[in-house]
Amino acid sequence: MQLLQNKTALVTGAGSGIGRSIARAYARNGAKVVIADIDETGGNDTVEMIRQEKGTAFFVKTDVSRPADNERMVAAAVEQFGALHIACNNAGIVGELARVGKYPIESWDRVIAINLSGAFYGMRYQLPALQQSGGGAIVNIASVLGQAGGDGLSAYTAAKHGLVGLTKSAALEYAQRNIRINAVGPGYIDTPMLHQNLPAEQHPIIRQMHPIGRLGRPEEVAELVLWLSSEKASFVTGAYYSIDGGFLAR
């Protein structure tokens, strides 16, 4: 039997990269998937990929930095599929690369709004829906920079640290309500976002930061998220799981 048979799952930032891989993994394991992204083209492309793989999915355009969009996203999931059982809050941006003393205020506000507040807004509306469905699981996509400092990435690092704390607090609050909430911390993953934000000449340096000797793949992150979202992880909540090729072991 498929791990997520008869479940409805929602993935933010599912129009590319890690989010797309998570959505496809959910669908391959029997879930009906809500694809949420601000990018309509990318989101609809993910839906088409899932349908070509004989899965079920539909797209909801969502700006996670807006509370109303998160409310509408969850309502659409319930209206379309009758319930919500799983949510993965993955949407995020890197922001500017600058020292704290020169960090652009506008970029700080935008990174926090998407990477931290966006996950809070998502959970704010996902949790009541999960309760109505009898329980479920939430996985928040943090980063290795949710546990370590990032030179020049203060907004991103602060948001990801905050997301880990938010995850732990929510997990405690809902542990006896049949809802498990965990965070995953990827290292540097070979995604469009990485290529957009890191010049090619820096890639060898980034690879060397991982003792395993390479960048991660989105599908590898998706496998961990799939496990945490399934009943195979039924005794796991309030945890942070790194998937980083040894990055944090140094």
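A short reminder: the numbers here are calculations on the coordinates, not readings from a lab. Predicted, not measured: the structure shown is a model, and the values here were computed from it. Positions of Cβ are generated from backbone atoms using ideal geometry, with glycine treated the same way; all protein chains shown enter the neighbour counts.
Worth a mention:
- Output for the stretch 121-155, where each listed residue is among the hydroxyl-bearing types (S, T, Y) and within 14 Å of the chain's Cα centre (by Cα): Y121, S143
- Matching residues in the stretch 47-74 - criterion: being surrounded by 18 or more Cβ atoms within 10 Å (Cβ to Cβ), over 15 Å from the mean Cα position of the chain (by Cα) and not hydrophobic (A, V, I, L, M, F, W, C): G55, D69
- Close Cβ contacts (under 6 Å, 6 or more residues apart or on different chains) running from residues in the stretch 148-170 that are in contact (Cβ under 8 Å) with a residue 40 or more places away in the chain to residues that are assigned to a helix (DSSP H, G or I) and polar (S, T, N, Q) comprise A159/N115.
- Any hit, the stretch 111-134, residues being under 20 Å from G17 (Cα atoms), in contact with a strand residue (DSSP E or B) (Cβ under 8 Å, 6 or more places away or on another chain) and among the hydrophobic types (A, V, I, L, M, F, W, C): yes
- Any chance S133 is crowded, with 21+ Cβ neighbours inside 10 Å and either aromatic (F, W, Y) or closer than 27 Å to A31 by Cα (or both): no
- No other residue among R214, R207 is of a type outside the set (F, W, Y) and either part of a loop (DSSP other than H, G, I, E, B) or in contact (Cβ under 8 Å) with a residue 24 or more places away in the chain (or both) apart from R214.
- Positions within the stretch 1-22 being crowded, with 24+ Cβ neighbours inside 10 Å and without any contact (Cβ under 8 Å) to a residue 60 or more places away in the chain, in sequence order: G15
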